[in-house]
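Below is one structure; the comments refer to it alone.
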Amino acid sequence: MTAELAEQLKDFPLYSQDGKQKDATCVCVFEIGLIRWYVLEGQPEGDDFTLFSIIVGMAETEYGYASVKEMEGITVDGSRYGLGTLSIRQIPDFKPCPLAEIQDKRLQDFLSRLYDEP
C-alpha cells in the first residue's frame, strides 16, 4: 500500500460509492495472475487498511472486502513455471475511471448481470 494510494482513497471511504453501480469510480487495480481486485473504496482500520473491491478471476466474480495486510501476505510459488514467487501487486499505470470504462469482459459481464435491464 503506497502513501499515494492511501491519499487517493481519502476521497473514497467505505460506503461512499453505494448505489453508483457502473458509474462507481475504480480507484486502482491489484492483480496476481488472472485475478484482479478493482478497488472502489478504502479506509484505515487500526494498523491495517480495508478495501472494498470487485474481485474477478476466482471461482466467482463478486463484491468484497479485503485487508491490505492479508493481501500483502499472499504469495504463489511459480518456480515450476519459471516465474519465481508471485505476489499481489498494484497495476502501476492504472488511471481512476468509472467501472463502465474498464475493458475487462469478466467485470463487464458481472456488472451487466447485476445492473442491466433484462
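Among the residues of the range 1-31, write down those that are modelled with pLDDT of 95 or more, surrounded by 14 or more Cβ atoms within 10 Å (Cβ to Cβ), assigned to a loop (DSSP other than H, G, I, E, B) and touching a helix residue (DSSP H, G or I) at 6+ places or on another chain (Cβ under 9 Å).
Result: Gln17, Ala24, Val27.
Could you list all residues from the range 13-30 that are within 13 Å of the chain's Cα centre (by Cα) and not polar (S, T, N, Q)? Before you say what the answer is, go through the steps one by one.
Quick first cut of the range 13-30, residues within 13 Å of the chain's Cα centre (by Cα) only: 24-30.
Those that are within 13 Å of the chain's Cα centre (by Cα) and not polar (S, T, N, Q): Ala24, Cys26, Val27, Cys28, Val29, Phe30.
For the range 34-64, how many residues meet the condition of being in a strand (DSSP E or B) and small (Gly, Ala, Ser)? Write out each step before concluding.
Within the range 34-64, the subset in a strand (DSSP E or B) is 35-45, 48-56, 62-64.
When the remaining residues are screened for being small (Gly, Ala, Ser), the result is 42, 53, 64.
Looking only at that region, the number is 3.
Considering each residue of the range 49-92, count those that are basic (Lys, Arg) and exposed (fewer than 14 other Cβ atoms within 10 Å of the Cβ), and give that number. Can you show your working first?
Of all residues in the range 49-92, those basic (Lys, Arg) come to 69, 80, 89.
So of that shortlist, the ones also exposed (fewer than 14 other Cβ atoms within 10 Å of the Cβ) come out as 80, 89.
Of the residues in that region, 2 qualify.
Where residues in the range 69-88 are hydrophobic (A, V, I, L, M, F, W, C) and over 18 Å from the mean Cα position of the chain (by Cα), which of them is farthest from Ile32 (Cα to Cα)? Even if it seems obvious, please write down each step before you answer.
Step one: of the range 69-88, the residues hydrophobic (A, V, I, L, M, F, W, C) are 71, 74, 76, 83, 86, 88.
Add one more test, that the residue is over 18 Å from the mean Cα position of the chain (by Cα), and what stays is 76, 83.
Values: Val76: 9, Leu83: 12 Å.
The qualifying residue farthest from Ile32 (Cα to Cα) is Leu83.
Which of the residues that make up the range 1-28 are over 17 Å from Ser67 (Cβ atoms) and touching a residue at least 60 places away in the same chain (Cβ under 8 Å)?
Of everything in the range 1-28, those that are over 17 Å from Ser67 (Cβ atoms) and touching a residue at least 60 places away in the same chain (Cβ under 8 Å) turn out to be Gln8, Gln21, Lys22, Asp23, Ala24, Thr25, Cys26.
The values are calculated or read from the model by the stated rules, or taken from the named source; none is laboratory data. Every value quoted in this text rests on a predicted model; they were computed, and no experiment measured them. Cβ atoms come from the backbone with ideal geometry, glycine included; neighbour counts cover every protein chain shown.
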